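Computed from the coordinates by the stated procedures, all read-outs in this text should not be read as laboratory data. Everything numeric in this text was worked out from a predicted model, so none of it was measured. Counting neighbours? That spans all protein chains shown, and the Cβs are built from the backbone with ideal geometry, glycine included.
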Amino acid sequence: SIANDVTIFPGSTIAGSTVIESNAVIGPRTTLIDCKVECCATVLESYCSGAVIGESASVGPFSYLRPGTKLGKDSRAGAFVEMKNAQVGEGSKVPHLSYVGDATIGEGTNIGAATVFVNYDGAEKHHTTVGDHVRIGSDSMLVAPVTIGDGAYTAAGSVITEDVPAGAMGVARAKQRNVIGWVLRKRSGSKSAEAASASDKKKG
């Protein structure tokens, strides 16, 4: 069913038991199958199946919401985000380039770009819980089962395999080591080696 004052742009498909509430904006080029889209939500160029998109939530472009996904009020699933069996709290954002599977995310939390909720160990699926007002650094891997406490942070590039207590910073990455001269020794004659050599001469 489609309420009054809904905008549906060209190229969109509404199928199954989908319900769209008033003042929602759908499309262009969006597919909704067995979804609920609440008042004032926006779904732009995305594919959604079995999802609940909360009041004033924003989806897309190019999001993929799979069954069991529930976006809270004012939340966001941004560009190239895939979600499955994920509960996202009010005001929380997953802005871009992330996979969120088998997860609960609290309120006011931000998931940094390229974060992956690692939910499958090759045999079973596991759950990740992220609390309220958490900041997940870009390119983090959250290896389930794991819990990130309220107000916690994770450092960019971390592979989180243990719980992070409330208010803590989880850091799980090796210290950077620069192997000086590696390109000149191992890739002699390459364009990279030529560029490195020229750079050394400029400094000299």
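A few remarks follow.
- 3J(HN,Hα) couplings calculated from phi for segment 106-123 with the Karplus curve 6.51 cos²θ - 1.76 cosθ + 1.60 (θ = phi - 60°) are, in sequence order, x, 8, x, 9, 10, 9, x, 4, 6, 7, 10, 8, 7, 9, 10, 9, x, 10 Hz; Gly and Pro show x.
- Hits among lysines - C-alpha to C-alpha of Lys36 under 25 Å, sequence gap 8 or more where chains match: Lys70, Lys73, Lys84, Lys93
- The angle between the Cα long axis of helix 191-203 and the longest principal axis of the Cα atoms of the chain comes to about 60 degrees, rounded to the nearest 10.
- Amide H contacts under 5 Å for Val52, placed H, 5+ residues apart: Lys36, Thr69, Lys70, Leu71
- Whether segment 34-102 is rounded, prolate or oblate, judged on the alpha carbon gyration tensor where a/c under 1.5 counts as rounded: rounded
- Rounded, prolate or oblate (a/c below 1.5 giving rounded, otherwise prolate when a/b exceeds b/c) for segment 111-169 by Cα gyration tensor: oblate
- Across segment 111-204, the relative contact order, built from alpha-carbon pairs under 8 Å that are at least six residues apart, equals 19 percent.
- Dipole axis of the chain (+1 Lys, Arg; -1 Asp, Glu on Cβ), positive-most option in Gly106, Thr154, Ile2: Thr154
- Within segment 103-204, the GluC sites (Glu not before Pro) that combine a DSSP coil assignment with at most 12 other C-beta atoms in a 10 angstrom radius are Glu124, Glu162.
- In the chain, Cα pairs under 8 Å separated by at least six residues give a relative contact order of 9 percent.
- Percentage, to the nearest whole number, of Cα pairs in the chain over 24 Å apart: 49
- Spin-label model, Ile33 to Lys202: label points 7 Å out along the Cα-to-beta-carbon direction sit 5.3 nm apart.
- Contour excess over end-to-end distance, with Cα ends at Lys175 and Phe62 and 0.36 nm allotted per residue: 37.2 nm
- Amide H to amide H, with H built 1.01 Å from N, Ala113 comes under 5 Å of Ser138, Asp139, counting only residues 5 or more places away or on other chains.
- Size of electric dipole in segment 7-175: Cβ of Lys, Arg +1 and of Asp, Glu -1, about Cα centre, debye, nearest 20: 360
- Global geometry of segment 95-134, whether rounded, prolate or oblate, following the gyration tensor of its Cα atoms and the 1.5 cut on a/c: oblate
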